[in-house]
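These notes concern the structure reproduced below.
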Amino acid sequence: MLSVGILSLDLLCTQGAKRVIAVDYIDYRLKHAKRTNKVETVNFEEEENVGEYLRDMTDGGADVVIDCSGMSGKMTPLEFLATGLKLQGGAMGGIVIATQAVRKAGTIQITGVYGGRYNAFPLGDIFQRNVNLRTGQAPVIPYMPHLYNLITEGKVDIGDVVTHILPLSEAKHGYEVFDTRTDDCIKVVLKP
């Protein structure tokens with residue numbers, strides 16, 4: 001759950017979602033989501049089959065599952081090897097969890113960025129349960145006025161995800177703490 005995921009939680013809550021569950025494996029991001037959005041949280045490393053756990057938690061599956069992890073999600077050792085050999089485009093854990101957690105005829109929105117091809121893509125699971133799959137780069141231009149209004153009206157605080165403000169001269173350090181997920185880093189802003 002990167003900053004896009006946390007901001008998605010903000011939007012879901014402001015748009016009237018009745019129940020929101022944030023899923024991640026990094027505790028400080030889960031704590032941040034719970035504190036700032038008052039959502040339920042699940043650490044996927046603490047559950048044997050998190051997709052089934054979420055489906056049970058939601059009495060048959062979530063209406064909508066949003067995957068914000070993308071190819072930079074946590075890779076299995078096999079995915080790491082396959083990605084290094086250019087046989088795969090990155091992690092698929094988010095998609096697999098989504099296909100297990102969504103209800104029949106529900107929707108999976110893939111917001112995370114994926115590249116390349118993916119082995120063992122769970123298309124059969126999606127097809128058999130009539131799940132709607134929405135993907136693609138965000139068409140930001142039509143949404144900008146609405147998002148701007150949410151920010152200026154104080155309904156969404158985009159500064160909430162900024163955990164580090166650093167001078168441009170510390171860009172290397174900013175990238176390192178973001179990339180290594182240390183120092184409770186969610187988003188870094190560099191100031192000239």
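Annotations for the structure displayed:
- Pair list, Cβ under 9 Å, 6 or more apart: region 69-87 residue closer than 22 Å to residue 136 by Cα, other residue assigned to a loop (DSSP other than H, G, I, E, B) and acidic (Asp, Glu): 74/45
- In region 9-26, the residues that are farther than 16 Å from residue 102 by Cβ and touching a residue at least 12 places away in the same chain (Cβ under 8 Å) reach residues that are buried (at least 16 other Cβ atoms within 10 Å of the Cβ) and aromatic (Phe, Trp, Tyr) with C-beta atoms within less than 8 angstrom, at least six apart or across chains, in these pairs: 24/44; 25/44.
- Among the residues making up region 40-68, those that are under 20 Å from residue 112 (Cα atoms), in contact (Cβ under 8 Å) with a residue 24 or more places away in the chain and among the hydrophobic types (A, V, I, L, M, F, W, C) are 44, 50, 54, 62, 64, 65, 66, 68.
- Looking only at region 144-178, and only at residues there that are surrounded by 11 or more Cβ atoms within 10 Å (Cβ to Cβ) and charged (D, E, K, R), the one that is farthest from the chain's Cα centre (by Cα): 170
- Any chance residue 62 is hydrophobic (A, V, I, L, M, F, W, C) and within 25 Å of residue 126 (Cα to Cα): yes
- Selected residue (criterion: nearest to residue 94 (Cα to Cα)) from residues of region 104-137 that are surrounded by 12 or more Cβ atoms within 10 Å (Cβ to Cβ), free of Cβ contacts under 8 Å to residues at least 40 places away in the same chain and in contact with a Lys or Arg (Cβ under 8 Å, 6 or more places away or on another chain): 131
Where a number appears in this text, it was derived from the coordinates with a stated rule and is not lab data. From a predicted model like this one, the values you see are computed outputs, not experimental measurements. Every residue, glycine as well, gets a Cβ built from its backbone with ideal geometry; the counts of neighbours run over all protein chains shown.
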